[in-house]
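Please treat every number below as a calculation from the coordinates, not as lab data. Since the model is a prediction, treat every value here as computed from it, not as a measurement. Counting neighbours? That spans all protein chains shown, and the Cβs are built from the backbone with ideal geometry, glycine included.
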Amino acid sequence: MNLPTHSADDSNNSGDAASFTSVSPESPSATDNTLSEAAEPDDLPEPMLPPYEGVSLKNVFVITTVAMAEQARIALMAADVLGFDTESRPTFVKGQHSSGPHLIQLATDTQAFLFPVLDSLYLEPAKQALEASHILKVGFGLGDDQSRLRSRLGIAPQNVLDLSRAMRKKKGSDMGAKSAVALFFGTKLQKSKKISTSNWSLAPLTERQIKYAADDAQVALLTYRHWLALQS
C-alpha cells in the first residue's frame, strides 16, 4: 500500500489532512525528549554482530489526523498478524505509578503505525485492531502493556501471543527481543536505554524515539514469522 507522507512540521494539521507523518532519515530531531544524556551500555557497538537495520523511516507513520487514522485502520485490519508494543514515560521515584501507555505501536510486515495517546481522537484504529479476535498480535513482554491498555484506555486486546514466553527454551527464562534477533537474524537490535527511558508523553517524538518504537513493534512480527517457519 502506497501512503502519502508529510513532514514533522505538519503533524499538527487538522483532521482533513490526507497525509501521513513520516520521518526523513537525514532530518534532525525536532526536540530532545530524553531524560538522561549519559551514554548507556546499549549504545555501545556490538563487535560480534552487525546492527539490525529495522524498518525504514519512510514506512513509519505517526498518526495525527483523522485521514491518517483511516488509512492506518485499513492497513491494520487487513493483516493476519501484527507486531505490537507500547511505550510509557518512565518513573524514577519509588512507589510512583506510571501514567502510561503514552504510545501504541502496531506493525505490519512492511509498515509501522505509531499512535500517540495524547491524540486520543485518533486511537480508534488501534483499539479496533487490538480487540479484533481474527488478527494475531505478537510482541515481547506484553503483560504490563495489556494491563495498562485495559486500565487506562479501556482497550482489551484479544488474540495476543507473548513471544517472550512462547520462545523461551526453559521454564523461567524468557526470550527477549535482542536475544531473538541475534538468534534468528544474526544481528544486534539496538536497544538504547537513553531512548527507552525518554519522555514518551511529549510531542512531537524525536526521530530516534520513532525509530526505536517502530522497530520494537515490527521486529516482533518478523521474528514471529521466522520462528513459525522453523516450527514446520
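Structure summary
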{"item": "Over 28 Å between alpha carbons, listed pairs LYS94/LYS194; LYS58/LYS171; LYS94/LYS170; LYS94/LYS191; LYS127/LYS188; LYS58/LYS191", "result": "LYS58/LYS171; LYS94/LYS170; LYS127/LYS188"}
{"item": "Relative packing of 63-72, 181-190, 213-222, which averages over residues the other C-beta atoms within 10 Å, highest first", "result": "213-222, 63-72, 181-190"}
{"item": "Normalised convex hull volume, the stretch 187-227, alpha-carbon set, Å³ per residue", "result": "75 Å³"}
{"item": "Contact order relative to length of the stretch 79-232, as percent, for alpha carbon pairs under 8 angstrom and 6 or more apart", "result": "31 percent"}
{"item": "Derived scalar couplings ³J(HN,Hα) [the stretch 59-68; Karplus, 6.51 cos²θ - 1.76 cosθ + 1.60; whole Hz; x for Gly, Pro]", "result": "10, 10, 10, 8, 7, 9, 9, 4, 5, 5"}
{"item": "Extension gain (nm, one decimal) between ALA229 and ASP80, 0.36 nm per residue minus Cα-Cα", "result": "52.1 nm"}
{"item": "Extended-chain gain in nm, criterion 0.36 nm per residue less alpha-carbon gap, LEU183 and GLN158", "result": "6.2 nm"}
{"item": "For LEU82, distant residues with modelled amide H under 5 Å away", "result": "LEU136, LYS137, VAL138"}
{"item": "VAL93 paired with SER147, simple spin-label distance in nm, labels 7 Å along Cα-to-beta-carbon", "result": "2.1 nm"}
{"item": "Positive-end residue of SER164, VAL81, THR64, charge dipole of the stretch 54-208 with Cβ unit charges", "result": "SER164"}
{"item": "Gyration tensor verdict on the stretch 109-232 (Cα atoms; rounded if a/c is under 1.5, prolate if a/b is larger than b/c, oblate otherwise)", "result": "oblate"}
{"item": "Extension gain from THR110 to ALA166, taking 0.36 nm per residue of separation minus the Cα-Cα distance", "result": "17.8 nm"}
